[in-house]
1. Need the full-extension length gain, Gln821 to Lys47, defined as separation in residues times 0.36 nm minus the C-alpha distance. One decimal, nm.
2. Does anything in the range 902-916 have its amide N under 16 Å from the 7 Å Cα→Cβ label point of Asn783, and if so which residues?
3. Assigning unit charges at the beta carbon (Lys, Arg +1; Asp, Glu -1) and nothing else, what dipole magnitude in debye, to the nearest 20, does the range 504-650 show about its Cα centre?
4. Stretched out fully, how many nm does the piece from Asn287 to Thr506 gain, at 0.36 nm a residue minus the Cα gap?
5. Taking 22 Å as the cut-off for C-alpha to C-alpha distance, list the pairs among Lys944/Lys978; Lys763/Lys944; Lys840/Lys944; Lys369/Lys399; Lys726/Lys877 that go past it.
6. Give me the number: length gained by fully extending Glu327 to Trp303, i.e. 0.36 nm times residue separation minus the C-alpha to C-alpha distance, one decimal in nm.
7. Could you tell me which of Val804, Gln751, Ser691 has its Cα farthest along the dipole of the range 676-832 towards the positive end, charges placed at Cβ (Lys, Arg +1; Asp, Glu -1), taken about the Cα centre?
8. How far apart, in nm, are the 7 Å Cα→Cβ label points at Val12 and Glu142?
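The values are calculated or read from the model by the stated rules, or taken from the named source; none is laboratory data. Everything numeric here is computed off the predicted structure, so don't read it as measured data. With ideal geometry, Cβ positions are generated from the backbone for all residues, glycine too; neighbour counts draw on all protein chains shown. In case anyone asks, the SASA skips ligands and DNA or RNA and just uses the protein heavy atoms, side chains included. Shrake-Rupley method; radii C 1.70, N 1.55, O 1.52, S 1.80 Å.
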Amino acid sequence: MDLCQQVMARNVPQLVRLLLDTPLEGGGHVDSKADQATFERCLAFAKERLQPFENQECCPEAVWHNMNHFIERYRSENLPEFADTFKQLANVVLNHPLCTNHTQKNLQWCLMDFMLSVNYKAFKEVRRNRREMLQKRMHILEALAMATEGSEVLRVPQGGSARGSMGAFDRTSTLEWAEKTPSEGSENKPAFFIPGERRWSKETGHTVQNNPNRFTVPDIGANLENATFNLSLDSPQPRAASDSNSLAQHLNEVHVTENFSTNEANMNLLMNLTQVESSLEKPTKVNYYRGMNDLLTRIYTPWWQVDIHVHQQSRTLPSSFSHNYGEWLLHQLRESQSSVRRMTEEHQLLRELLILFFISLDSGHFQVKGHGVEVLTAGPQTCALSQLLEGAILGRVFKYLEQMGYLRQLIESNATPRVGGYRLETVVAFTVAVRRLLRPVIEFLVYYERRLAAGKEAPTVKHFLHVSEDAMQRLRLLFEVPEPKVEGRASLCSLGVLDSLVLNCTLPGQSKEEISLSASLLLHSLQAYCHFIDCWWTSGEFQDWQDEFPFQKLQVDGRTEYGLRKYLLEEEVHLGGCLFKVIKDHLGEASQAVATLCDTRRMGDFVALHGTIFQVSLHNFLMEAVLKELLPYQAERVQDYSYAPDIMQQLKSVDQETVRRLFYAYHMETRPDPRHPARCSVDELVKNFQSCVDYTPIVEIICDQLAVGLRRRTLLANSYVTHLVKTELQLHRTAKHLRSVYTLEKYELLQNEFEEFFSLLSKKSLKRAEKKMKEIVDAQDPNLAYLFNVDLKGTRPDSLTLSVGYDIFLNQVITQGQFEQLNTCFRLILSMHWTLYRLKRLAPLKNFRYRELKGALQTLRDTLEKTLEEQLQGSGKVKQLAEILNHSEERLVGCTISGLRQEHEWLLRQISDIVSEEMPRGNFSSRMEEFLGLCDVLYHLWLKAASVLNNLEVQKPRNTCEMKFEWLTFFYLQRIHKHCKVMASHLGVELINN
């Protein structure tokens, strides 16, 4: 609590000042700061609201009574099963060791009090959602049973040791706490054991520590000065062990005790390694390096090698070992030149040449040009230099220097971290592997130079070339590896690196050493691509900040898609490599599943459920699988011989602190990646490849194992998404229902409801008609009624829009643009029914004076009705749509999301063809929209004629005004008759003259 007060005192005033000086959203900039009085009032208010929790008193008896009333309320509401469940959960909280052993007094009762205070609507919600609550109750009970079955109450005897599982607690009956008072219950509480922590046992009065195989980390806020980190690698021993066994175990123990301190924190490291099985070879400890805040100790046993490595996180960019060590060698050379002890001329030339392996710097006899070295022509030349120039010996050294200069620049440009810059992950992984493979060469140069300075090597260039033959062979092979290109398109550069390494592994005439180095570099260069794919599988994003991966994420119609980069499709680029083909096939097979998980926000659920497959990175899986596949081909044994010892072995014999730090820094730069298994380091990969026979299909093995690792994920994701679509989301059912609604498949079943809608539409009652259409749509499947929205903007069906709200699951199959096409079909079919409904309900013509007009109208009406009935019920458009729907429903069963999408797109194309198909009728071929327009014209002609004919009087006109009205009526009806004749000629209908 003191730490909490310190944190509040340090941060709360700053937070209050920051909040007072921050403008409100949309309020613009604050010109003046708040005055001191306002600041003091706000600070006092903040401190009052942030008072420690223990200041709020909690009475266990009152909470206990409230719980009883809460349970009795459940019983009075006829919900006894929920009362029992609540008692079980309350018992877990009241008896959990994290609460009972907490420093906060009555923490468990405070939690129960808070829970009761926020559950004032519990009974109402349970009654309203009883079915859902019962299901949640079953899930809670199952989870509680699983959590308590494996738990144990560990009662530690006097002087004993205990092991347990996290969350162990006493499974007290749920009736006990309801019958006891809190004071009585607290007296009989058992002693609980929490893994990884020290707790006081009431039974024994001793401190017990669980699970010595794990680190014990101090609580948050504790003083790091008193923190102890314990690591024990021993196996559990029988308690009845004899004294001799205890003595043998004591002899096989290795203890490590180290202290580290910085200005910010102190740390004590305590470690005990026990070799359980006795053997002649005892475990030994070798201290390689011990700095102020760095430690590298190695413990050797007959079975394992244990590295204890402690290092402080670097806060500055690392410097180059070659440059620093070269400057140190140059300083040593200058001191030797000024000393009394003289060197031979060739000895001095050799030391200058050795310095040039580490640093590119002009010396007294040599000049650096580019990556190479030339002899200075100006000035006098020594006899030794003149003799060396006469032969080819110095040229070989210059060639080695040029190769080293190129590799050094490659490493410093790509593998050394720096602020900013353009760095491709594939090139970085390639260069880091090159730097690790170059380590034996550096170790030889360092070792030879030290022996030369100590007088243990002959100071001649010829002798240097003789002893450096093996090391320079590695240098030459690394130099001949294809140079990575970092200019141009990033994805093309990365693909170029991989393709060149693949080509280097398959070229005829390559030596086994060259193939082994290229294959090892290829495996390590794939780390970037594997990382992109791992990120893609866990988040849906490639996290490719330099556009290095050849594939990218796209948004099409509100859906996520993954495809090849645009410029790779537009340009004529050779993308036929086997690795690219494997990745391309994988993206083609799994991209739909990953996109679905990403769009539906189910990626987290998928990773949480099947996270074990992602615990091992794809790169580690690939290297392990390749090594396993190489076993049948490994028929040779590689001799591991090196002239120079390891850099850490050389560090042990060095006294200068500066050199020791340089050697340790170089070891840190070139050590194997701790995230990879030790057998998968680049050096071990080279040895494994070298031990294989000459006809080993290395590239095929790498591609096959990469495909296997990707295939596992593809199969899992596709199965998960298929199950999600069929069982949980049931998208095929939703898609089927949408098609049924938009094509009015159930019109005959709901004909009366539709006719009522048409009646309301005819009366221009838009609100009631819109509500009626919503009822019609909802009645077809009440469970999917939430999908539809009805919008009626006019008195005709073509002004009706049946929209579907955006749904992240449904959008995977049907886009919003496709709903517009479905609406076109829906309005057309509805207009056909609406037109037929209106034609059948036309009022009859009662006047018989104009029989020709009446006959023409009746004939046209019968013809149009027959045509509409044929389209709706016969072999017309509606029947064609029904046949297509039946055929499509058979193909919907068992479809994945991509299958549903393809099936829906095919259905839309068929619907569009049927809707746009013309209707041959007489001399006039028309689309359905034009035909419905003719029906609408006839309908209005009929109404006009009926309004005139049904109101005409049979008697003769009695005055001039009536005669004039009769003549106007006659001409009006003649015009209607003329329209009927024109319409009949278009439709190919013959009018009968009576």
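1. Length gained, Gln821 through Lys47: 272.5 nm.
2. No residue passes the distance filter.
3. On the way: 11 positive and 21 negative charges, 58 e Å.
Using Cβ point charges on Lys, Arg, Asp and Glu, the range 504-650 gives about 280 debye.
4. So the extension gain works out to 74.4 nm.
5. On the way: Lys944/Lys978 14 Å; Lys763/Lys944 18 Å; Lys840/Lys944 16 Å; Lys369/Lys399 13 Å; Lys726/Lys877 31 Å.
Result: Lys726/Lys877 exceed 22 Å.
6. My answer for the length gained is 4.5 nm.
7. The one lying farthest along the dipole's positive direction is Gln751.
8. If labels sit at Val12 and Glu142, their model points lie 4.6 nm apart.
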